[in-house]
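The values are calculated or read from the model by the stated rules, or taken from the named source; none is laboratory data. Computed from a predicted structure; not experimentally measured. So basically every Cβ, Gly included, is an ideal-geometry build from the backbone, and we count neighbours across all protein chains shown. The area values use the complete protein model at the heavy-atom level, side chains included, leaving out ligands, DNA and RNA. Shrake-Rupley method; radii C 1.70, N 1.55, O 1.52, S 1.80 Å.
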Amino acid sequence: MEHLVEHMRTSYHSVHEPMCGICKKHCRSFESLREHLIGPLPKVECERIFKERGCDLCLTILSSRNALYAHRETCQLSRGNNIGLTYRMANLGIQDDFKIDDNRARVVALACKMVGGGSDGSLDLCARVCLIDEYEKIIFHTYVKPHLPVTNYRYETTGIRPEFLRDAVPLRQVQRKIQDYLCNGEPIWHIRSKGGKARILIGHGLDHDLKSLEVEYPPVVIRQVLSAEPAHN
């Protein structure tokens, strides 16, 4: 648990943001990752390696040119290739049958991406959610279809487009799945700080995230991670 708390204190990114396979920089969206690799002002070393063995479709960095050629046959973004998509989703922890199959985790962290609702787009609506375990392994990750219309996708910070939510999992279904996983078979009114089966939940701004997900969880098993604002370059 201490390892995960320390990681969240020192990082100001979401666990499900795209990351450069070379320098490990986290980007807000795949478009910003593409600009980082091959945009007008790319990082020189990353651009060089990407041109040698990077997939121009999904932006994955392969170990060699031969590996790149083989990868293109199963790339998740190649046309009509369901095998590549299923494989990639499995690696990301996105389950096509909507299961959370890791029942061993004792401590989990929650992160959400919010889009905007209401007439001015200021109402936060959860559109993406991710759970990771204490070893930073993604155990659940999905797009969420809000129960209210989205009026602002906040694309610059979320990287979410309308088509991502078109067939997304309804909020109510996500809410039940996450609540059941956190309680781990223990009735919510019976959860205590010690000795029970319920999982410890940690994260930034959990009150806000849980409210957006409409998930109830006892404060005795919640650990808020506080951090200072990141310095601006």
**Asked** Is there any pair linking a residue in region 186-211 that is among the aliphatic types (A, V, I, L, M) to one that is part of a loop (DSSP other than H, G, I, E, B) and open to solvent by 60 Å² or more (accessible area, probe 1.4 Å), with Cβ under 7 Å and at least six apart or on different chains, and which?
**Response** I188/E216; I200/M1; I200/R106
**Asked** Which residues, counting only those in region 161-179, are without any contact (Cβ under 8 Å) to a residue 60 or more places away in the chain and β-branched (V, I, T)?
**Response** V174
**Prompt:** Name the residues in region 155-177 that are part of a helix (DSSP H, G or I), open to solvent by 30 Å² or more (accessible area, probe 1.4 Å) and not aromatic (F, W, Y), would you?
**Reply:** E156, T157, P162, E163, R166, R172, Q173, R176, K177
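Within region 143-168, take every residue that is β-branched (V, I, T) and at pLDDT below 90 and give me the one that is farthest from the chain's Cα centre (by Cα).
Taking region 143-168 as the starting set, the residues that turn out to be β-branched (V, I, T) are 144, 150-151, 157-158, 160.
Now narrow it down to the ones that are at pLDDT below 90: 157-158, 160.
Details: T157: 13, T158: 11, I160: 12 Å.
Ranking the qualifying residues of region 143-168, first place goes to T157.
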**Message:** R106 - would you say it is basic (K, R), within 28 Å of S32 (Cα to Cα) and open to solvent by 20 Å² or more (accessible area, probe 1.4 Å)?
**Reply:** no
**Lone qualifier among R128, R199 - being closer than 21 Å to S29 by Cα, at pLDDT 90 or above and buried (at least 20 other Cβ atoms within 10 Å of the Cβ)** = R128
**Prompt:** Here are some conditions: (1) more than 18 Å from D180 (Cα to Cα); (2) of a type outside the set (G, A, S); (3) open to solvent by 20 Å² or more (accessible area, probe 1.4 Å). C112 meets all but one. Which one does it not meet?
**Reply:** (1)
**Message:** Considering only region 178-194, I want to know if a residue exists there that is at pLDDT 90 or above and under 16 Å from the mean Cα position of the chain (by Cα).
**Reply:** yes
**Message:** Just checking: which of the helices (runs of 4 or more DSSP H) contained wholly in region 1-116 hold 2 or more residues that are at pLDDT below 75?
**Reply:** 2-10, 30-38, 82-92
**Prompt:** Quick one: would you say E156 is in contact (Cβ under 8 Å) with a residue 24 or more places away in the chain, on the phi < 0 side of the Ramachandran plot and charged (D, E, K, R)?
**Reply:** yes
**Prompt:** From the set of residues in region 136-152 that are over 14 Å from C112 (Cα atoms) and in contact with a helix residue (DSSP H, G or I) (Cβ under 8 Å, 6 or more places away or on another chain), which is surrounded by the most Cβ atoms within 10 Å (Cβ to Cβ)?
**Reply:** V150
